[in-house]
Amino acid sequence: MKLLEKLGQIWSGVDWPFLIHNGNALRFSEIASQHPVDLAQVKPGDVVALIGDFNPASILTLLRLIDLNVIVVPLTVDTANQHDYFFESALVDVVIEDGRVVRRPHDGSHPLIDSLRERGHAGLVLFSTGTTGRPKAILHDLTLFLQRFDTPRPTLRTINFLLFDHIGGINTLLHTLFNKGVVVAPEARTVDSVLEVCRKYEVEVLPTTPTFLRLMLISGAVPDKVPGTLKVITYGTERMDQPTLDELCRLLPEVDFRQTFGMSELGIVRVKSAARDSLFMQVGGEGVETRVVDNVLQIRSASRMLGYLNAPSPFDSEGWYDTKDVVEVKDGHYKVVGRVSDVINVGGLKFMASEVERVALEFPNVSLVKAFPKSNPITGQHVELTVQAVPDTLVDKDALTAYLKSRLQPHMVPKRVRIEAVSVGHRFKRA
């Protein structure tokens, strides 16, 4: 059965909207009956870049492309300066944007794409954020990916904060579709706009990032602008700091905070936080195994990607994936304390950048921070720190340096502190 037909049966007789977009509440039948994009040029097995967002036209086009058994590459306008690189890396045959369908000639091939075509399966290509090197093209068998939604699960009214090109955003969309939920598309991804949309449409779940939650705190919007309908805030895609979580839990005592964990390479991994104010979590779910090697979390997942299209496979001979996340382990729970790349070695003394950041975040008027290593001819490395001030305030650099010296061991004290904006990417993660 085709996906659109199956979803039509699921939504048959349902008297509530599936999507709220730009103030319009649309039932699934209204989305499915739109005037569609002409896909006559698209052939089964094509690699198709769909540049869009969580709007009716993009959602319908995505579902129709899946029914055509193409390999879909969802992209957004935010990454327009990288689109040529994405097209080349994913061997894109067709580009769809604003209703225009344009074939893109090339003579490349890849055995993983060929294997999907031979099986007649749809595919999904997502790109890593590229914080270490160029973004990697991650290929999933979308036909198998969709099978996880065959088991009905409860759903709450959710704002789709995570983007159209993010595995979390796609997962929220599909989860809501298969479970007759309501998804609200944000009008803009700013603190005021997101919270106003949550209030206006009685949103119950806000999936977001630690960086965005930190921006919510420093904006002064918490707790007064957070609507009472909000039951759950989930956070993931980067490491959360304990001071931010503690403050959020104090100011929003009725909200359940849940950590998420996953990588596009592994598919969706189920996570259960030890407590709403704890950064320890259980990681697992059906078909997922975990282990820790040299303090680094490794995962083996049945829903993993087929592989990279522009890089060697990251899986070992037994199928284990090295997440590069350094973790603490307690009672079967994991706490991510940083990335392998965040380990700083000063004269043989190793520590995590997050230890410096945690202390800096406690200083008055500090909104965002980023600690990082620099080469040092004497000690091998030293620490430097970038600090962003709360809007309309100042951070006294000398006082901050003195504070850090009073709270950190000597080898952990930054040799240089810069007061400037901390770079944040389009997915609201620190760059």
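The values are calculated or read from the model by the stated rules, or taken from the named source; none is laboratory data. Quick caveat: nothing in here was measured; it's all calculated off a predicted structure. Because the Cβ atoms are built from the backbone with ideal geometry, glycine has one as well, and the counts that use them run over all protein chains shown.
Quick look at the values:
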quantity	calculated
Candidate set from the stretch 123-154 (those that are in contact with a helix residue (DSSP H, G or I) (Cβ under 6 Å, 6 or more places away or on another chain) and not aromatic (Phe, Trp, Tyr)); member that is surrounded by the fewest Cβ atoms within 10 Å (Cβ to Cβ)	126
Count of residues meeting criterion [farther than 21 Å from residue 341 by Cα and surrounded by fewer than 18 Cβ atoms within 10 Å (Cβ to Cβ)] in the stretch 374-388	0
Test for residue 225: is it modelled with pLDDT of 95 or more, of a type in the set (Lys, Arg) and farther than 28 Å from residue 393 by Cα	no
Single residue of the stretch 274-289 satisfying the filter (of a type in the set (Gly, Ala, Ser) and either surrounded by fewer than 16 Cβ atoms within 10 Å (Cβ to Cβ) or modelled with pLDDT under 95 (or both)) that is farthest from residue 318 (Cα to Cα)	275
The listed residue being buried (at least 18 other Cβ atoms within 10 Å of the Cβ), among the charged types (D, E, K, R) and either closer than 19 Å to residue 3 by Cβ or in contact (Cβ under 8 Å) with a residue 40 or more places away in the chain (or both), out of 67, 93, 78	93
Test: residue in the stretch 113-122 that is surrounded by 15 or more Cβ atoms within 10 Å (Cβ to Cβ), of a type in the set (Val, Ile, Thr) and under 22 Å from residue 321 (Cα atoms)	yes
The stretch 36-54 - residue that is acidic (Asp, Glu) and either crowded, with 19+ Cβ neighbours inside 10 Å or outside the structural domain of residue 72 (by TED's automatic domain parsing) (or both) and, of those, modelled with the highest pLDDT	46
Residue match in the stretch 248-269 (condition: buried (at least 21 other Cβ atoms within 10 Å of the Cβ) and part of a helix (DSSP H, G or I))	yes
Filter pass, residue 300 being out of contact with any helix residue (DSSP H, G or I) (no Cβ under 7 Å at 6 or more places or on another chain), surrounded by 17 or more Cβ atoms within 10 Å (Cβ to Cβ), of a type outside the set (S, T, N, Q) and part of a loop (DSSP other than H, G, I, E, B)	no
Filter result for residue 272 (assigned to a loop (DSSP other than H, G, I, E, B) and free of Cβ contacts under 8 Å to residues at least 60 places away in the same chain)	no
Test set (1) at pLDDT 95 or above; (2) in contact with a Pro (Cβ under 8 Å, 6 or more places away or on another chain); (3) not polar (S, T, N, Q) - residue 241 fails condition number	(1)
